[in-house]
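The values are calculated or read from the model by the stated rules, or taken from the named source; none is laboratory data. Model, not experiment: these values are computed from the prediction. So basically every Cβ, Gly included, is an ideal-geometry build from the backbone, and we count neighbours across all protein chains shown. Ligands, DNA and RNA are stripped out before the accessible areas are found, and what is left, the full protein with its side chains, is counted by its heavy atoms. Shrake-Rupley method; radii C 1.70, N 1.55, O 1.52, S 1.80 Å.
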Amino acid sequence: MHGTQQLQQLRDAFGSKLLEQEPMQRHTNFRVGGPAACYMEARTAEDITRAVTIAREAGVPWFVLGGGSNTLVGDAGFDGLVIQIALRDIVVDGDRIRAGAGAITASVALEAGRAGLSGFEWAISLPGTIGGAARGNAGCFGSEMKDVIERVRVLDTGSSPPQTRDMEAAACDFHYRRSIFKEQPEWIILDVTLELHRADSVLCRVAMDQFLERRRRTQPHDKPSAGCLFKNVELYALSADAMDHLERFSAGTWRGVVHDGQLPVGWIIDQLGMKGHRVGNAQISEKHGNFTLNLGGATAADVLALGEQVRTSARNALGIDIEYEVQRLGC
Ligand code: EPU
């Protein structure tokens, strides 16, 4: 890292909790990524405050990691401090459930269902943590985090000293795969409160099983990936020219696949004939075009080379710019 002095400060503060030269492929679902100079699990808000304060004073870059389900780390790793959020408490209170940002989203869905709280069954099939899901307004099968979030508590590390702040959903500026937290990296999510409604817990379980089955049927699950590599294309953002292109390119069939106002990138990749396409050990899934798989030993360079081929093809064939959904660190 930058210097032994900075490193020593972090060692003094966190002792054996601080891992050095920690391979990030261990901490991402993609199983890709070189080492983080320093890595620690933050189990309390105080851990986060201390880590960020020391890193900031020492001029060390820091990165907040959730479940690593939507993150691609570069092959050279990250010359800074990775703070993995490990606040994992889940508390049911009436019709609400509050979960620490590091709670696994599927565990929150299970706990809610067990307590007879309905409205979050779809999230049983979401990978990653609830903090990451809130930050990215994750969603599937017609639901999104914004539909159930009542409030989010954050640590504002931009203020000195860092302060907690309670934010109602309306203040979080949720949109498709976006929130205010992506714009304000110094606001670190501590916990998320969902407002659900009472139901029979057996029916919740049945609904969860159906969502899991649907995901298994439509998406690959036997090889590491980061979920969908790209965001779907929001139709409202397409120019008249691009719409015209799309109409001709697909002979009008695009209308049959639009959902939630989006044109699925999986479908675009399918239409471009790129499923199964491979660079090194990264391959576009045969089952779902928006999933890039690590066949074993894929590098971030492989994934990005493949990603760029897809983006170039989409631009050339359709005049559409597609954007990465996956969060990138050091690449
Ligand atoms: N399609 C194809 N070929 C493909 C893939 C999809 O023709 O290879 C077609 C399907 O037949 C369907 C349409 O595209 O008509 C939509 O496909 P799907 O239902 O699989 O949904 P998606 O838009 O591709 C989105 C989310 C997923 C989420 C699913 C299920 C994004 C980028 N993806 O995928 O989220 O699980 O809906 O609701 O918004 C993720 O964000 O990482 C993710 C996996």
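Condition check ((1) closer than 30 Å to ALA298 by Cβ; (2) more than 16 Å from the chain's Cα centre (by Cα); (3) part of a loop (DSSP other than H, G, I, E, B)) across all residues:
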{"site": "GLN6", "(1), (2), (3)": "no, yes, no"}
{"site": "THR28", "(1), (2), (3)": "yes, no, yes"}
{"site": "ALA37", "(1), (2), (3)": "yes, yes, no"}
{"site": "THR53", "(1), (2), (3)": "no, yes, no"}
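Within the range 315-325, can you find the residues that are closer than 14 Å to CYS228 by Cβ and surrounded by 21 or more Cβ atoms within 10 Å (Cβ to Cβ)?
Selection gives ILE322 alone.
Of the listed requirements (1) of a type outside the set (D, E, K, R); (2) touching a residue at least 24 places away in the same chain (Cβ under 8 Å); (3) more than 12 Å from the ligand (Cβ to nearest atom); (4) open to solvent by less than 30 Å² (accessible area, probe 1.4 Å), PRO220 misses just one: (3).
Can you pull out the residues in the range 283-311 that are of a type in the set (A, V, I, L, M) and away from the ligand (no atom under 16 Å from the Cβ)?
Taking the range 283-311 and keeping what is of a type in the set (A, V, I, L, M), we get 284, 293, 295, 298, 300-301, 303-306, 310.
Hits for the range 283-311 are LEU295, ALA298, ALA300, ALA301, LEU304, ALA305.
If you go through the range 171-209 and pick out every residue that is part of a loop (DSSP other than H, G, I, E, B) and either modelled with pLDDT of 95 or more or among the small types (Gly, Ala, Ser) (or both), you end up with 9.
For the range 63-84, a tally of residues being out of contact with any strand residue (DSSP E or B) (no Cβ under 6 Å at 6 or more places or on another chain) and either open to solvent by 30 Å² or more (accessible area, probe 1.4 Å) or not in a loop (DSSP other than H, G, I, E, B) (or both) returns 2. Checked against (1) surrounded by fewer than 19 Cβ atoms within 10 Å (Cβ to Cβ); (2) aromatic (Phe, Trp, Tyr); (3) touching a helix residue (DSSP H, G or I) at 6+ places or on another chain (Cβ under 6 Å), PHE230 passes all but condition (1).
Restricting attention to the range 237-268, the residues that are open to solvent by 60 Å² or more (accessible area, probe 1.4 Å) and within 15 Å of the ligand (Cβ to nearest atom) add up to 8. Restricted to the range 86-103, and to residues there that are more than 30 Å from ALA51 (Cα to Cα) and not small (Gly, Ala, Ser), the residue that is least open to solvent (accessible area, probe 1.4 Å) is ASP95.
Considering each residue of the range 104-119 in turn, none proves to be in contact (Cβ under 8 Å) with a residue 24 or more places away in the chain, open to solvent by less than 20 Å² (accessible area, probe 1.4 Å), closer than 30 Å to LEU19 by Cα and among the small types (Gly, Ala, Ser).
Restricting attention to the range 6-19, report how many residues are of a type outside the set (Phe, Trp, Tyr) and touching a strand residue (DSSP E or B) at 6+ places or on another chain (Cβ under 6 Å).
Qualifying residue count, the range 6-19: 4.
Scan the range 157-170 for residues that are in a strand (DSSP E or B) and either within 16 Å of the ligand (Cβ to nearest atom) or surrounded by fewer than 16 Cβ atoms within 10 Å (Cβ to Cβ) (or both) and jot them down.
Initially, the range 157-170 is screened for residues in a strand (DSSP E or B), giving 163-168.
Those that are in a strand (DSSP E or B) and either within 16 Å of the ligand (Cβ to nearest atom) or surrounded by fewer than 16 Cβ atoms within 10 Å (Cβ to Cβ) (or both): GLN163, THR164, ARG165, ASP166, GLU168.
Residues that are in a strand (DSSP E or B) and either away from the ligand (no atom under 12 Å from the Cβ) or surrounded by 22 or more Cβ atoms within 10 Å (Cβ to Cβ) (or both) within the range 123-150 comprise THR129, ILE149, GLU150, listed in sequence order.
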